[in-house]
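For reference, the structure I am asking about is given below.
The values are calculated or read from the model by the stated rules, or taken from the named source; none is laboratory data. Quick caveat: nothing in here was measured; it's all calculated off a predicted structure. All Cβ positions, glycine included, derive from the backbone under ideal geometry; neighbour counts span all protein chains shown.
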Amino acid sequence: MEVVDSVEQMRAARRSLGESVGVVLTMGALHEGHLALVREARADHTRVIATVFVNPTQFADGEDFSQYPRTLERDLDMLRDAGVDLVFTPTPAMMYLPDHQTTVEVGAAAEGLEGERRPGHFKGVTTVVAKLFNLTQPTTAYFGQKDAQQVVVLRRMVRDLNFPLQLAVIPTYREADGLAMSSRNVYLSSEQRIGAAALSRALLAAQWVYDEGVRDPAVLRGAAMMALESCGGEIEYIAVNDPRTLAPVLAARQAPLLLSLVVRYGTTRLLDNCLLPGDLNIRAGLTATLGA
C-alpha cells in the first residue's frame, strides 16, 4: 500500500492505477463501517484509493474540529489489511492554499435538515469532495447510508458539474445493539451509549407502522418519537423527506420516503435514517433511490 500526502504525489500515483478505481473518502478514526465501504470497492474494482483528511471547512463554529479523533497510524494499518492500494493523507494547508477562494455550493438539497442546523457544512463538504474527486479520479465513489443527505447533495453536484463517476450507497453498518457506527460514538458516556441504541429502534418502529399500511408522515414520526422516549438524549428532529430531492413530505403518499432523525447527547450529535419501505435499505435500493 502506497501512502502519499501531497497533491503532486497523489496525481503521480493515480496515473499508475489504471481505469478501474474505487474511492472511499474518510476523515479517519476508522471503524467497520468504513471497512465495509472498502470491501465493496475492492469487490467492484481492480484498484482502491482511500483518503484520510479531517476537513476543517465542514465544521461550523463551536463544533468539534480540534477534538475530532485522529488515529492515522491505526487507520493506515486497517486500510492496509483491507487491501487498499493507495492512501492520500493531506494536511489542511495542502488542500487549502493561503489564497484559496473557490467553493462549491449545491442549492435546495443542502438547505434543510443538517444544512439548516449546520450553516456552511455542506459547502465545506462539496468543496473538499470536488477537490478529492479531481485528484483521485474514481470510477465509483462509496458512501454510507448514515449520511443520506450528504449522498443526495453529492449526487446533485456530480450530476450538475458532470463528474465522470458513479456513487454507490452502502447500508449503515451497525453495532450489535443496532447503533449506527460513527467515529463520534467514542464521545458517549456508558449511560449515553446504552440510551443511544434507541435510535435504531425508532427507525424499526417507523418501519413497522409503514408495513402496516400507514403513510401519514406525522404518524410515522410519532412512532419514532415514542421509541425515543427513553433514549436519554435531546431529540433535535425527526423528519420525513423525499429521498430524491429532500423536499419535506407533508401528506401521505405511496412513493418512497426518507425518515431521518438526530439525537444530541451533550455536544455529540448522532444521526440515523432509513428508507421506507424497508426493503430499499440495501445497496441496490439505496443507490437507486437516494438523490436519483
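If you take the residues of region 136-177 that are under 12 Å from the mean Cα position of the chain (by Cα) and among the aromatic types (Phe, Trp, Tyr), which of them is surrounded by the most Cβ atoms within 10 Å (Cβ to Cβ)?
Once the filter is applied, the top-ranked residue is Tyr142.
List, please: which pairs have Cβ atoms under 6 Å, are six or more places apart or on different chains, and start with a residue in region 99-115 that is touching a residue at least 60 places away in the same chain (Cβ under 8 Å) and end with one that is surrounded by 13 or more Cβ atoms within 10 Å (Cβ to Cβ) and of a type outside the set (A, V, I, L, M)?
From region 99-115, the pairs are Ala109/Arg156; Leu113/Gln149; Glu114/Gln149.
If I ask for residues that are assigned to a strand (DSSP E or B) and either of a type in the set (A, V, I, L, M) or in contact with a Leu (Cβ under 7 Å, 6 or more places away or on another chain) (or both), which ones from region 151-188 would you list? Before the answer, list the steps.
Narrowing region 151-188 to residues assigned to a strand (DSSP E or B): 166-170, 174, 180.
Leu167, Ala168, Val169, Ile170, Ala180 - these are the residues of region 151-188 that are assigned to a strand (DSSP E or B) and either of a type in the set (A, V, I, L, M) or in contact with a Leu (Cβ under 7 Å, 6 or more places away or on another chain) (or both).
For region 15-34: of the residues being in a helix (DSSP H, G or I) and surrounded by fewer than 20 Cβ atoms within 10 Å (Cβ to Cβ), which is nearest to the chain's Cα centre (by Cα)?
As a first pass, look at region 15-34 and keep what is in a helix (DSSP H, G or I): 15, 32-34.
Filter again for surrounded by fewer than 20 Cβ atoms within 10 Å (Cβ to Cβ), leaving 15, 32.
Working: Arg15: 28, Glu32: 14 Å.
Restricting to residues being in a helix (DSSP H, G or I) and surrounded by fewer than 20 Cβ atoms within 10 Å (Cβ to Cβ), the top hit is Glu32.
Does at least one position in region 65-83 carry a residue that is assigned by TED's automatic domain parsing to the domain that holds Thr136, of a type in the set (S, T, N, Q) and surrounded by 14 or more Cβ atoms within 10 Å (Cβ to Cβ)? Even if it seems obvious, please write down each step before you answer.
Initially, region 65-83 is screened for residues assigned by TED's automatic domain parsing to the domain that holds Thr136, giving 65-83.
Filter again for of a type in the set (S, T, N, Q), leaving 66-67, 71.
Now restrict to residues that are surrounded by 14 or more Cβ atoms within 10 Å (Cβ to Cβ): 71.
The answer is yes, given that some residue of region 65-83 is assigned by TED's automatic domain parsing to the domain that holds Thr136, of a type in the set (S, T, N, Q) and surrounded by 14 or more Cβ atoms within 10 Å (Cβ to Cβ).
Can you tell which of Thr57, Thr102 is surrounded by fewer than 20 Cβ atoms within 10 Å (Cβ to Cβ) and assigned to a helix (DSSP H, G or I)?
Details: Thr102 fails: assigned to a helix (DSSP H, G or I).
Just one listed residue meets the conditions, Thr57.
Please go through region 210-253 and give me each residue that is farther than 20 Å from Arg264 by Cα, in contact (Cβ under 8 Å) with a residue 60 or more places away in the chain and surrounded by fewer than 17 Cβ atoms within 10 Å (Cβ to Cβ), ordered by number.
Taking region 210-253 and keeping what is farther than 20 Å from Arg264 by Cα, we get 210-220, 241-253.
Now narrow it down to the ones that are in contact (Cβ under 8 Å) with a residue 60 or more places away in the chain: 210-211, 241, 243-248.
Within region 210-253, Asp211, Thr245, Ala247, Pro248 meet the criteria.
Looking at region 254-271 only, could you name the residues that are among the polar types (S, T, N, Q), at pLDDT 95 or above and surrounded by fewer than 16 Cβ atoms within 10 Å (Cβ to Cβ)? Before the answer, list the steps.
Here is the first cut: in region 254-271, the ones among the polar types (S, T, N, Q) are 254, 260, 267-268.
After this cut, where a residue has to be at pLDDT 95 or above as well, the list is 254, 260.
Correct list: Gln254 only.
Next question. Please state which one of Phe122, Phe133 is buried (at least 20 other Cβ atoms within 10 Å of the Cβ), in contact with a strand residue (DSSP E or B) (Cβ under 8 Å, 6 or more places away or on another chain) and at negative phi. If you could, list the steps in order and put the result at the bottom.
On the way: Phe122 fails: in contact with a strand residue (DSSP E or B) (Cβ under 8 Å, 6 or more places away or on another chain).
The conditions single out Phe133.
Listed residues Gln207, Gln192; which is touching a Cys at 6+ places or on another chain (Cβ under 7 Å), in a helix (DSSP H, G or I) and touching a residue at least 24 places away in the same chain (Cβ under 8 Å)?
Details: Gln192 fails: touching a Cys at 6+ places or on another chain (Cβ under 7 Å).
One residue alone meets the criteria, Gln207.
Which residues, counting only those in region 157-177, are among the small types (Gly, Ala, Ser) and touching a residue at least 24 places away in the same chain (Cβ under 8 Å)? Steps first, please.
Kept after step one, since they are among the small types (Gly, Ala, Ser), are these residues of region 157-177: 168, 176.
Ala168, the sole residue that qualifies.
So, one more: Looking at Met78, Met94, which one is closer than 20 Å to Arg184 by Cα and either in a helix (DSSP H, G or I) or among the acidic types (Asp, Glu) (or both)? Break it down stepwise before answering.
Values: Met94 fails: closer than 20 Å to Arg184 by Cα.
Unique residue meeting the criteria: Met78.
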